[in-house]
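Participant: Before I ask anything, let me first share the structure, which is written out below as structure tokens.
What follows draws every value from the coordinates through simple rules; no lab data is involved. This is a predicted model, so every value here is computed, not measured. Glycine gets a Cβ as well: all are built from the backbone with ideal geometry, and neighbour counts include every protein chain shown.
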Amino acid sequence: MGFLEKFMNTPSHHRVHHGSNPAQIDRNFGGIFIFWDKLFGSFRDEADAGEIKYGVTHMPAKPYNPWYLQTHGWVEMAQDLWRYKDLRILYKHPEWVDEVYANKAVKTEWQGEKA
């Protein structure tokens, strides 16, 4: 689309946004203007993204429940925040919690154990 691709979200940018390969995850969020992604470092050009495989990386527990689909990410983040008491959870990527706390079983008082 030529000149428009410099500052507007195009079908090419949107295809990368829906890719599930590691090079495409968390890329091209700009709804209308792609310059936000370029400014914040989340832009990936389709030519640099590799082959695009569409889909989700893991299937949600209730894939046909629209309320669950819209809220489960926030609920999981709140649970992790409560469990690990680490504010970095608010701005790190979702897999970060698993990477950092995978070998640290944290038991809290509300689960019947002393922390």
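Participant: What net charge do the residues around HIS18 carry, taking every other residue with its C-beta under 11 Å from that of HIS18, with Lys and Arg at +1 and Asp and Glu at -1?
Facilitator: +3
Participant: Given TRP36, LEU90, VAL56, which one lies farthest toward the positive end of the charge dipole of the chain, if we put +1 on the Cβ of every Lys and Arg and -1 on the Cβ of every Asp and Glu?
Facilitator: LEU90
Participant: If you don't mind, there's one more thing I want to ask. Just one of (1) 9.4; (2) 6.9; (3) 8.2 is mean projected area of the Cα convex hull in nm² as worked out from the coordinates here. Which one is it?
Facilitator: Computing mean projected area of the Cα convex hull in nm² and matching it to (1) 9.4; (2) 6.9; (3) 8.2 gives (1).
Participant: As a footprinting exposure proxy, order TRP67, TRP82 by other Cβ within 10 Å, with the fewest listed first.
Facilitator: TRP67, TRP82
Participant: Say R0 is 30 Å: what FRET efficiency, to the nearest 0.05, do GLU99 and LYS38 get from their beta-carbon distance?
Facilitator: In this case the efficiency is close to 0.65.
Participant: To continue, here is another question. Determine the dipole magnitude for the chain: charges of +1 sit on the beta-carbon of Lys and Arg, -1 on that of Asp and Glu, nothing else is charged, the reference point is the Cα centre, and the result goes in debye to the nearest 20.
Facilitator: 240 debye
Participant: Between LEU90 and PHE3, what FRET efficiency follows from the Cβ-Cβ distance if R0 is 30 Å, with the result rounded to 0.05?
Facilitator: The pair LEU90/PHE3 has a calculated efficiency of 0.20.
Participant: I would also like to ask the following. Helix-derived [θ] at 222 nm for the chain: sum -39500 (n - 2.57) over DSSP H runs of at least 4, divide by residue count, nearest 500?
Facilitator: After summing the helix terms and dividing by the residues of the chain, the value is -10000 deg cm²/dmol.
Participant: At 0.36 nm per residue, minus the direct Cα-Cα distance, what do LYS62 and ASP48 gain on full extension? Give it in nm, one decimal, please.
Facilitator: 1.7 nm
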